[in-house]
Amino acid sequence: MSNTKNNYHFVIATQFNKEDFWQSSQIAIFLEKAGYVNKCDILYKNKTGLPEVYNRYINNFFKDKKIIFVHDDVLIEDLFIEEKLDIAFEKYDIVGLAGAKKVDTTRPKAWHLMSNKEDWVGEVGHAHDGNTWTTVFGPSKSRALVLDGLFLAVNVERLLETNTKFDENFEFHHYDITFCINANSNKLKMGVAPIKVVHFGLGDSMNTPEWHNSSLKFENLYVKK
């Protein structure tokens, strides 16, 4: 680990209770083994929308920190995460793992359905039914316009300077896309870093009524008529 360890702070909003989180969640494995148990905030049994939760950490108390917002079903397998983030933050204000350099906001779906394949960047490991594989979207060191919300590392000071926050009109869908759109409007720089993780999520939420309603909201607020 680098000597910047005190600069990084993890924030995880989870539906698990405290006991189940530390026994069953993927991110807990990393937090314990990498020594971050006292360098994180866990919001147990969370029912609050992620933008509202995340915005609580964009304040002067965390001004000197880099906050890492990460889902509880993400297993971080990278011992050099801090070194890689240190390098990425030399270029970027917000760092993710996967995303796209261009998006078409008239297609209010997931980021990879709002962009063309040649504009994809980054890579993420996946696990399902005992199988694991890595999806290489594109270059793993690249700028991005939008980033996947499974892992978002932010320079709190730069967010405060530009008054950039998550849009609390959204809860658990489109919050990452709208955040990145707002960050880009405020001329913040975003990019991906080659941090090794495995995501245990199925990514099937687009089939739910909640996703459909969020898409309509996104269209009303972000798609120019």
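Computed from the coordinates by the stated procedures, all read-outs in this text should not be read as laboratory data. Everything quoted here is computed from the prediction, not taken from an experiment. In this analysis, Cβ positions are derived from the backbone assuming ideal geometry, glycine residues included, and neighbour counts consider all displayed protein chains.
Details
- Take the Cα of T106, step 7 Å toward its Cβ, do the same at D78, and the gap between the two points is 3.5 nm.
- Multiplying the residue separation of H128 and I29 by 0.36 nm and removing their Cα-Cα distance gives an extension gain of 33.9 nm.
- Legend: residue pairs K39/K217; K66/K91; K63/K141; K39/K101; K33/K165, Cα-Cα distance threshold 24 Å; pairs beyond threshold, K39/K217; K63/K141; K39/K101; K33/K165.
- With a Förster radius of 25 Å applied to the beta-carbon distance between M206 and N55, the computed FRET efficiency rounds to 0.50.
- Cβ-placed point charges (K, R +1; D, E -1), dipole of segment 93-225 about Cα centre in debye, nearest 20: 520
- Against the set (1) 69, 42, 33; (2) 49, 36, 33; (3) 49, 41, 33, the structure's computed Cα extents along the principal axes in Å falls on (3).
- For the pair S185 and L113, the difference between a 0.36 nm per residue extended length and the Cα-Cα distance amounts to 23.8 nm.
- Order by protection proxy (mean Cβ within 10 Å, highest first), peptides 40-48, 116-124: 116-124, 40-48
- Dipole magnitude of the chain, debye to nearest 20 (Cβ charges: Lys/Arg +1, Asp/Glu -1, about Cα centre): 680
- Placing unit charges on each Cβ (+1 for Lys and Arg, -1 for Asp and Glu) gives segment 5-222 a dipole about its Cα centre, and among W120, V156, V146 the Cα reaching farthest toward its positive end belongs to V156.
- Sorting the segments 58-65, 90-97, 26-33 by their residues' average number of neighbouring beta-carbon atoms within 10 angstrom, most packed first, yields 90-97, 26-33, 58-65.
- Sorted peptide list for 127-135, 144-152, criterion being average Cβ within 10 angstrom, highest first: 144-152, 127-135
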